[in-house]
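Chemist: Take this structure first; my questions come after.
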Amino acid sequence: MFDLIIRGDQVVTSEGTGRWDICIRGETIAAIATPGTFGDEQAGRVIDATGKIVIPGGIDPHIHSLWHIPALEEGGEASMTDGPDTVSRAAIHGGTTTLLDFATWQPGQTIEEAINIRKQDWTGKCYADYGYHVMLQGAIPPEVLPQVGEAIQDGYPSIKIFTTDITPSRRGRKITHGHIWEIFKILKREGGIGAIHAEDDEIVMHMYDVLTREGRTGFENMSEVHNSMSEDLSFRRIIRLAEHVDGTPLYMMHVSAATGVAAIESARARGFPIYGETLHQYLMFTHDHYKRPNGQIYHTYPSLKESSDQDALWQGQMNGAISTIATDEICCNLSTKTQGHHIDDVTGGNAGCEPRVSVMYTEMVTKRGYSLRKFTDMVSTNAAKIMGMYPKKGVLAAGSDADITVLDPAERRTITAARLHESDYTPWEGYEAEVWPTLTVLRGKVMMEAGDFHGDVKDGKMLKRKVAEDIRNRPAL
């Protein structure tokens, strides 16, 4: 007896896309069966998903909740972005069932303390399943380095590293290459993967100085600061450093430029284990969007680039250089998102986790002819494999978690902030999505159905992860 059977004719499984019955018992998929194998009487409930697209629950490998927003004026009050309850509710509505956030280490802490603080932020407050990258920053004391290895062994294998402070007013994030070298040695030895924000800090800070001298400090000039050359130099330098440590695996976050794609392609051609992540912002918007009213809503760090960079990002998905589509989610209201007007004070990130799956289906499958399998890889499966959650997550297969999203082509939608669940604005206002989720299942529980929400903030579970050996040793995707 099964608790639930979902019957569909476009079901994306590990064996291909076709007519399958997904048979769920408890929190896991008990069987992927050919139609007719089990009758309706053999399940507590049967859902007919004929004519719809059935995929594993979406995975967003790069979000920020309760993220610190610094005050813009001296003596002003800093704020925090929305928490995991808001972000995960929006994610569930959008067909995403797993989120990866960050446990940020601060000087004076142990890494264990940083993780425990993050657990307090999330435990019992999240509708989706979740995990953490460990974010390091600044100078890493020698006594902290062994703790990196301990964190990897404890189920936190992805270590976030900044090669830049990003803006002059946010000093303290950059990790120097000597310290990165030491971290890479630990990653290679202990089975971790570097999650890298790679921009050349000297170029970035130089361009801040140049634009300030020239009086061109409006945020619409952001692409001149966080430019393509910076991405090229930093990507290639960090890759060479990792190659010198016996091929430390890398996950390049928010790839924004053709130069970044080219650097990843070159390294993969040499057999180096490197994977690229881009954001739907970079695929959909260019620096010209900064000139629109409230143009800050399109921005995240690094900056938006040219249409030619978008072309390279799309092509990179086809040749393997780009493996995942994330959001760099920062969920805040419009007034917070648009409070900065200068190159040094714009809030990064977007409220984007809810429309991600539907927008990417429209862009990938409808407009560009991607297969359903390729689309599923980009919004779910590849993130699960790279980040050590597969086959528990990211696949419809017997024994996997019953995380399921059903997309309905009959529910075409004009995206508006009023119909979303995470903020009072959306960069995708007015976008015509060709599908929309009508069912989201998390570990066997129907969380959202036909727009009705059935989740509880205690439904989400924290994930411990381990990156597979093939992912760490070669470009396996």
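Chemist: Take the conditions out of contact with any Ser or Thr (no Cβ under 9 Å at 6 or more places or on another chain), under 27 Å from residue 100 (Cα atoms) and surrounded by 18 or more Cβ atoms within 10 Å (Cβ to Cβ) and apply them to residue 248. Does it pass?
Modeler: In short, yes.
Chemist: Checking residue 180 against (1) part of a loop (DSSP other than H, G, I, E, B); (2) surrounded by 22 or more Cβ atoms within 10 Å (Cβ to Cβ); (3) not basic (Lys, Arg), only one condition comes out false. Which one?
Modeler: (1)
Chemist: For a quick check of your reading of the model, give me the residue pairs whose first member lies in the stretch 459-477 and is on the phi > 0 side of the Ramachandran plot and in contact (Cβ under 8 Å) with a residue 12 or more places away in the chain, whose second is of a type in the set (Val, Ile, Thr) and buried (at least 19 other Cβ atoms within 10 Å of the Cβ), with beta-carbon atoms closer than 9 Å and at least 6 apart or on different chains.
Modeler: none
Chemist: Tell me, which residue of the stretch 48-89 that is under 14 Å from the mean Cα position of the chain (by Cα) and either among the basic types (Lys, Arg) or more than 30 Å from residue 10 (Cα to Cα) (or both) is surrounded by the fewest Cβ atoms within 10 Å (Cβ to Cβ)?
Modeler: Per the criteria, the residue is 64.
Chemist: Mind listing whichever residues of the stretch 225-262 are within 25 Å of residue 64 (Cβ to Cβ), of a type outside the set (Val, Ile, Thr) and assigned to a helix (DSSP H, G or I)?
Modeler: Hits for the stretch 225-262 are 228, 230, 231, 234, 235, 242, 260.
Chemist: Restricting the first residue to the stretch 90-119 and requiring it to be closer than 18 Å to residue 174 by Cβ, which pairs with a second residue that is acidic (Asp, Glu) and in a helix (DSSP H, G or I) meet a Cβ separation below 9 Å and a spacing of at least six or different chains?
Modeler: From residues that are closer than 18 Å to residue 174 by Cβ, the pairs are 105/113; 106/113.
Chemist: Residue check: is residue 362 surrounded by fewer than 23 Cβ atoms within 10 Å (Cβ to Cβ), modelled with pLDDT of 95 or more, among the hydroxyl-bearing types (Ser, Thr, Tyr) and more than 30 Å from residue 210 (Cβ to Cβ)?
Modeler: When the stated conditions are applied, residue 362 passes them.
Chemist: Only one of (1) in contact (Cβ under 8 Å) with a residue 60 or more places away in the chain; (2) within 23 Å of the chain's Cα centre (by Cα) is not met by residue 262, so which one is it?
Modeler: Status for residue 262: all satisfied but (1).
Chemist: In the stretch 296-316, what residues are closer than 22 Å to residue 330 by Cβ and among the small types (Gly, Ala, Ser)?
Modeler: Going residue by residue through the stretch 296-316, those that are closer than 22 Å to residue 330 by Cβ are 296-305, 309-310, 313.
Correct list: 303 only.
Chemist: State whether the residues of the stretch 49-71 include one that is more than 23 Å from residue 379 (Cα to Cα), of a type in the set (Gly, Ala, Ser) and in contact with an Asp or Glu (Cβ under 7 Å, 6 or more places away or on another chain).
Modeler: Yes, because at least one residue in the stretch 49-71 is more than 23 Å from residue 379 (Cα to Cα), of a type in the set (Gly, Ala, Ser) and in contact with an Asp or Glu (Cβ under 7 Å, 6 or more places away or on another chain).
Chemist: Of a type in the set (Val, Ile, Thr), touching a Ser or Thr at 6+ places or on another chain (Cβ under 7 Å) and either surrounded by fewer than 23 Cβ atoms within 10 Å (Cβ to Cβ) or modelled with pLDDT under 95 (or both), is that true of residue 92?
Modeler: For residue 92, the condition - of a type in the set (Val, Ile, Thr), touching a Ser or Thr at 6+ places or on another chain (Cβ under 7 Å) and either surrounded by fewer than 23 Cβ atoms within 10 Å (Cβ to Cβ) or modelled with pLDDT under 95 (or both) - is not met.
Chemist: Here is a follow-up. Could you tell me which numbered condition residue 404 fails, if it satisfies all but one of (1) surrounded by fewer than 22 Cβ atoms within 10 Å (Cβ to Cβ); (2) in contact with a Leu (Cβ under 8 Å, 6 or more places away or on another chain); (3) among the aliphatic types (A, V, I, L, M)?
Modeler: (1)
Chemist: Look through the stretch 6-47, keep the residues that are in contact with a Lys or Arg (Cβ under 7 Å, 6 or more places away or on another chain) and without any contact (Cβ under 8 Å) to a residue 60 or more places away in the chain, and return whichever of them is surrounded by the fewest Cβ atoms within 10 Å (Cβ to Cβ).
Modeler: So the residue we want is 35.
Chemist: Then there is this: Given the condition crowded, with 19+ Cβ neighbours inside 10 Å, touching a Phe, Trp or Tyr at 6+ places or on another chain (Cβ under 8 Å), under 20 Å from residue 288 (Cα atoms) and polar (S, T, N, Q), answer yes or no: does some residue in the stretch 228-241 qualify?
Modeler: No; the residues of the stretch 228-241 include none that is crowded, with 19+ Cβ neighbours inside 10 Å, touching a Phe, Trp or Tyr at 6+ places or on another chain (Cβ under 8 Å), under 20 Å from residue 288 (Cα atoms) and polar (S, T, N, Q).
Chemist: How do the strands (runs of 3 or more DSSP E) wholly within the stretch 1-104 filter down when requiring 2 or more residues that are of a type in the set (Ser, Thr, Tyr): which remain?
Modeler: Details: elements: 4-13, 16-25, 28-33, 46-48, 53-56, 58-60, 96-104.
Strands (runs of 3 or more DSSP E) meeting the threshold: 96-104.
Matching residues to (1) within 23 Å of residue 334 (Cβ to Cβ); (2) modelled with pLDDT of 95 or more:
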| site | (1), (2) |
| --- | --- |
| 81 | yes, no |
| 96 | yes, yes |
| 106 | no, yes |
| 109 | no, yes |
| 116 | no, yes |
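Chemist: Does the stretch 308-335 hold any residues that are surrounded by fewer than 20 Cβ atoms within 10 Å (Cβ to Cβ), among the small types (Gly, Ala, Ser) and assigned to a helix (DSSP H, G or I), and which are they?
Modeler: 308, 335
The values are calculated or read from the model by the stated rules, or taken from the named source; none is laboratory data. A quick note: this is a predicted structure, and the numbers were derived from the prediction, not measured. No Cβ is skipped: glycine too gets one built from the backbone with ideal geometry, and neighbour counts run over all protein chains shown.
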